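Just below is one structure, and these are the notes that go with it.
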Amino acid sequence: IARLYAVDFAEVRLPLPDRELRWLDLPLGYAELPAEGPEITLRAEFAGEPHEWRGQVVRTEGEIDARSRMVHVVARVEDPYGRDDPTLRRAPLAVGLFVQGEIEGRTLPGVFELPRAALHDDRAGEGDRVHVIDAEGRLRVRPVEVLHTERETVVIGTGLAPGERVSVSALAAVVDGMPVRVSGESASPADVASPTPPAADGEPRS
């Protein structure tokens, strides 16, 4: 008895939390993916060096894992062993290799990416907030809509305007409207909020 594997393409099964599906153009019901599904980059370390392979998501599986609540998508990588182009200096995407995947997501216009230190979590039923410094040098507590959270950053949907200054300093006591002093632009505790440019890799990442 032998196992046979295709060498013209490889398929990789990837689990996704259901909360991440809102950022991806993937069908959730009885529908086919478009002719070209979302692009995906697979990364792994092999023989002590980092490698990556590019492919596309070709389908989703029609079930949700009962334990992990994960939805599985299947990505396809053409020529995983470099048979068609021997000049490629990369490791083969061999069966059994553990990889991490980054799927191209939707572009979100008019959003803001801030350091997580700028976000103040809901602790008194007031929702997520940031501290904005107005033109008069007063601190304003501003409710915002958090669209996505990363390890170091958050993506804000509504609540900010281009050019507003957002404080990232940890303040012991905050009163809306209290005067604050910015010690100079080069050493300021405030960052200027600016719209996040459209990301080539479709941030937020999944």
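Each of Met178, Met70 was scored by other Cβ atoms within 10 Å of its Cβ. Listed from fewest to most, they are Met178, Met70.
Rounded to the nearest 0.05, what FRET efficiency is calculated for Ala173 and Leu147 with R0 set to 25 Å and r the Cβ-Cβ distance? Once rounded, the FRET efficiency stands at 0.30.
Each Lys and Arg contributes +1 and each Asp and Glu -1, all at the Cβ; summed about the Cα centre of the range 55-102, the dipole is approximately 140 debye.
As a rough footprinting exposure proxy, the listed residues Glu11, Glu113 were ranked by other beta carbons within 10 Å of their own, and the order from fewest upward is Glu11, Glu113.
Bear in mind these aren't lab numbers, they're just calculated from the coordinates by the rules spelled out. The model shown is predicted, which means the values in this text are computed figures rather than measured ones. Cβ sites come from the backbone with ideal geometry, for glycine too, and all protein chains shown count toward neighbours.
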